[in-house]
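Scroll down for the structure; my scribbles are underneath it.
The values are calculated or read from the model by the stated rules, or taken from the named source; none is laboratory data. Model, not experiment: these values are computed from the prediction. A quick note on method: Cβ atoms are made from the backbone with ideal geometry, for glycine too, and the neighbour counts reach across all protein chains shown. To get the accessible areas, we keep the full protein, side chains included, count just its heavy atoms, and leave off ligands, DNA and RNA. Shrake-Rupley method; radii C 1.70, N 1.55, O 1.52, S 1.80 Å.
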Amino acid sequence: MPLSPTLPRTDPEALAVLQRDHGRALFGFLVGLTAGDAQRAEDLVQETLVRLWQHPEALSSGHESMRPWLFTVARRLAIDARRARLSRPLEVDPEGLEHAPEPQDAVAGSVTAIDVRRAVGSLGPEHREVLMQVYFRDRSVAEAAAELGIPAGTVKSRTYYALRALRKDLQGYEYGLGA
C-alpha cells in the first residue's frame, strides 16, 4: 500500500514565536468567551494553535499580523465547543443523585388514596363529618363545633376516636394521624 504524502505543516519555530507573541492575548480573549473557565480557554488556545499548525498557508496570507486570524479561529472554536456542550445532555454528578427526591410512585399513591377513602367511608357519619370539618376543610375545633352544632369537647372526642379507628384500619401506613 503506498504511503500518502506528508501534508505541509507550520514550522514549529514559527509556531512558537506566534504563541509567544499572541498566546497571552488569545488566552485572555478566550477566558472572556468561556465565562471565566481558564481550563476551557487553555484547551481552545491549544486547538487554535493546532489549526494554525495544520494550515501553514495562513502564514503566507499577507496579513500584517496573525492576531485577527487567530482570534477568528479561536472565536469559531469557542462557539462550536459551546454548541456541542449544549447539544449533549447535562452531565450528572453521581453525588447529586443521592440528594435527589425519590420518584413518586403513582400506583402506590392511588392505592393509598383508595385505602384512605375506604377507611374514612367505614367510619360512622358523626366521626366522618368531624374529620371532614377538621382535616379536609381545615377548620379549628371551635369552627367545626359551630358548623356541626355540637360542643367543642364533642368535636375533640369524635376526632380522637375517628383517628384511632383510621389508625387501626390503615396499619402499615406511616402517616401522622394525630392523637
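On inspection, Arg20 passes the criterion of being without any contact (Cβ under 8 Å) to a residue 12 or more places away in the chain and either surrounded by fewer than 12 Cβ atoms within 10 Å (Cβ to Cβ) or assigned to a helix (DSSP H, G or I) (or both).
In the range 122-146, the qualifying residues are those that are in a helix (DSSP H, G or I) and more than 45 Å from the chain's Cα centre (by Cα), and the one that is farthest from Leu163 (Cα to Cα) is Ala146. For Val31, the conditions (1) modelled with pLDDT under 90; (2) within 15 Å of Arg75 (Cβ to Cβ) all hold with the exception of (1).
The C-beta contact set for the range 124-138 (first residue buried (at least 16 other Cβ atoms within 10 Å of the Cβ), second residue among the acidic types (Asp, Glu), distance under 7 angstrom, 6+ apart or interchain) comprises Gln133/Glu147. Within the range 34-75, being over 31 Å from the mean Cα position of the chain (by Cα), loosely packed, with under 14 Cβ neighbours inside 10 Å and not in a helix (DSSP H, G or I) holds for Ser61, Gly62, His63, Glu64, Ser65.
You will find that of Thr154, Thr159, the residue that is farther than 23 Å from Arg118 by Cα, in a helix (DSSP H, G or I) and out of contact with any strand residue (DSSP E or B) (no Cβ under 8 Å at 6 or more places or on another chain) is Thr154 and no other. Taking residues in the range 46-69 that are on the phi > 0 side of the Ramachandran plot, and partners anywhere that are open to solvent by less than 70 Å² (accessible area, probe 1.4 Å), not one pair has Cβ atoms closer than 7 Å while being at least 6 places apart or on different chains.
Residues to consider are Thr6, Thr10; find the one that is modelled with pLDDT under 90, of a type in the set (Ser, Thr, Tyr) and surrounded by 12 or more Cβ atoms within 10 Å (Cβ to Cβ). It would help to see each step written out before you state the result.
Working: Thr6 fails: surrounded by 12 or more Cβ atoms within 10 Å (Cβ to Cβ).
Answer to the check: Thr10.
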